[in-house]
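The structure appears below as structure tokens.
The values are calculated or read from the model by the stated rules, or taken from the named source; none is laboratory data. It should be emphasised that the depicted structure is a prediction, and the values quoted were computed from it without experimental measurement. Here the Cβ positions follow ideal geometry from the backbone for every residue, glycine too, while neighbour counts run over all protein chains shown. Ligands, DNA and RNA are excluded from the accessible area calculation, which covers all protein heavy atoms including side chains. Shrake-Rupley method; radii C 1.70, N 1.55, O 1.52, S 1.80 Å.
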Amino acid sequence: QVQLVESGGGLVQAGGSLRLSCAASDDTFSSYAMGWFRQAPGKEREFVSVIGWSSGLTYYGDSVKGRFTISKANAKNSVHLQMDYLKPEDTAVYYCAADTLGGNSWFLTAGYDFWGQGTQVTVTS
């Protein structure tokens, strides 16, 4: 069973940085795209960023543009999210996701068929 394994979450002060990582448990795993979503308590799961695996194209949600950077590595279809200039409103559970089927919007949760377990990011004032 292929799983997406996330790491890198934690506590950080406002203005600080964190780097999230997500890797498939199987080296043969492949996808059209891998992205990040986040969900704060009582709020909808929000698109954060996505990277197309072949194209390398990247997209970011308006709330994180200029502060977050997504990148990928071929090994285990790894994806990383460098988060800089963190704000308290970035506090959420961050989920990595993979689209292995294609054909759906990468900006919506429905566009992904594999999800990580989530990692908590807490930004203090």
* To do: Kindly check whether there is at least one residue in region 56-78 that is over 26 Å from THR124 (Cα atoms), out of contact with any strand residue (DSSP E or B) (no Cβ under 9 Å at 6 or more places or on another chain) and surrounded by fewer than 16 Cβ atoms within 10 Å (Cβ to Cβ).
  => yes
* Residue, least open to solvent (accessible area, probe 1.4 Å), within region 34-50, restricted to residues that are over 12 Å from the mean Cα position of the chain (by Cα) and farther than 14 Å from GLY118 by Cα -> GLY42
* Asked: Which residues, counting only those in region 71-83, are assigned to a strand (DSSP E or B), over 18 Å from GLY15 (Cα atoms) and not small (Gly, Ala, Ser)?
  -> LYS72, VAL79, HIS80
* Asked: open to solvent by 10 Å² or more (accessible area, probe 1.4 Å) and closer than 16 Å to SER7 by Cβ - does that describe any residue in region 86-105?
  -> yes
* Asked: Given the residues ALA73, ALA24, ALA92, which is the only one that is without any contact (Cβ under 8 Å) to a residue 12 or more places away in the chain, out of contact with any Asp or Glu (no Cβ under 6 Å at 6 or more places or on another chain) and among the aliphatic types (A, V, I, L, M)?
  -> ALA73
* When GLY56 is evaluated against the numbered criteria (1) part of a loop (DSSP other than H, G, I, E, B); (2) within 22 Å of ALA23 (Cβ to Cβ); (3) touching a residue at least 60 places away in the same chain (Cβ under 8 Å), which criterion, by number, is the only one it fails? -> (3)
* Structure fact -> Going through region 7-33 in order, the residues found to be in contact with a Phe, Trp or Tyr (Cβ under 7 Å, 6 or more places away or on another chain) and open to solvent by less than 60 Å² (accessible area, probe 1.4 Å) are GLY9, GLY15, LEU20, SER31, ALA33
* Asked: Among the numbered criteria (1) in a loop (DSSP other than H, G, I, E, B); (2) over 17 Å from GLN120 (Cα atoms), which single criterion is violated by LEU86?
  -> (2)
* Any chance region 105-125 includes a residue that's in contact with a Pro (Cβ under 8 Å, 6 or more places away or on another chain) and of a type outside the set (Ser, Thr, Tyr)? -> yes
